[in-house]
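The values are calculated or read from the model by the stated rules, or taken from the named source; none is laboratory data. The shown structure was predicted, so the numbers you read here are calculated from the model rather than taken from an experiment. Glycine gets a Cβ as well: all are built from the backbone with ideal geometry, and neighbour counts include every protein chain shown. Ligands, DNA and RNA are excluded from the accessible area calculation, which covers all protein heavy atoms including side chains. Shrake-Rupley method; radii C 1.70, N 1.55, O 1.52, S 1.80 Å.
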Amino acid sequence: NTECFHYNTELPAKEEINITNIKNTYTGPYEKYSITMNNIGYLYLIGHGVEKDTTEAISWFYKSAELNNSFAQFNIGHMYYIGTEIKQNYAHAEKWFNKAAELGNTEALNILAEIYEKKISSTNDIQIIRSYQNYIVQLFDKSSSYGNIFGLYKFATYIESQNIYEGF
């Protein structure tokens, strides 16, 4: 399922893609090329204008992520989280979602909150539960502060349902 992955611009028509030219022109150790690197990864992931190649997609996502592209970091986290393109690994997913969240990626913030909601159901320790709840509220608050409507909705409903008002 690729609909949750991040692509930085509108997809060009398949016949307009010259992947060799794109690779040679817009890649290098420069932050300004990180968007193109992520987009190349996405094209390989979905097989748009190129033959679908998950290994190649992952390689491009990593190149972009190393240059602090939050979309690429999210994409890597998402791949580990859903486990359809690579082996599922929640610890790796959380690591990459955290990297993307630190750069303000609202989808990563929302999924991190979802991960911590799941963690709550796996413990009976009240202190840990309260710690997770506070972290979840902070994640949704940050997501909503960046204008993410889902983050705002979840922030409001979580605050109301948990009766957590201090500091917000």
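So if I check each of 85, 107, 160, which one is within 17 Å of residue 71 (Cβ to Cβ) and at pLDDT below 90?
Exactly one of 85, 107, 160 is within 17 Å of residue 71 (Cβ to Cβ) and at pLDDT below 90, namely 85.
All but one of (1) under 21 Å from residue 157 (Cα atoms); (2) without any contact (Cβ under 8 Å) to a residue 24 or more places away in the chain; (3) of a type outside the set (A, V, I, L, M, F, W, C) hold for residue 83, so report the exception by its number.
For residue 83, the exception is condition (1).
Here are some residues: 139, 152. Which one is at pLDDT 85 or above, closer than 18 Å to residue 106 by Cα and not acidic (Asp, Glu)? Walk me through it before giving the result.
Values: 152 fails: at pLDDT 85 or above.
Unique residue meeting the criteria: 139.
Quickly run through the range 86-100 and pick out the residues that are touching a residue at least 24 places away in the same chain (Cβ under 8 Å) and surrounded by fewer than 16 Cβ atoms within 10 Å (Cβ to Cβ).
Those that are touching a residue at least 24 places away in the same chain (Cβ under 8 Å) and surrounded by fewer than 16 Cβ atoms within 10 Å (Cβ to Cβ): 86, 90.
Being open to solvent by less than 30 Å² (accessible area, probe 1.4 Å), within 22 Å of residue 90 (Cα to Cα) and hydroxyl-bearing (Ser, Thr, Tyr) is the filter here, so list the residues in the range 124-162 that pass it.
Selection gives 143 alone.
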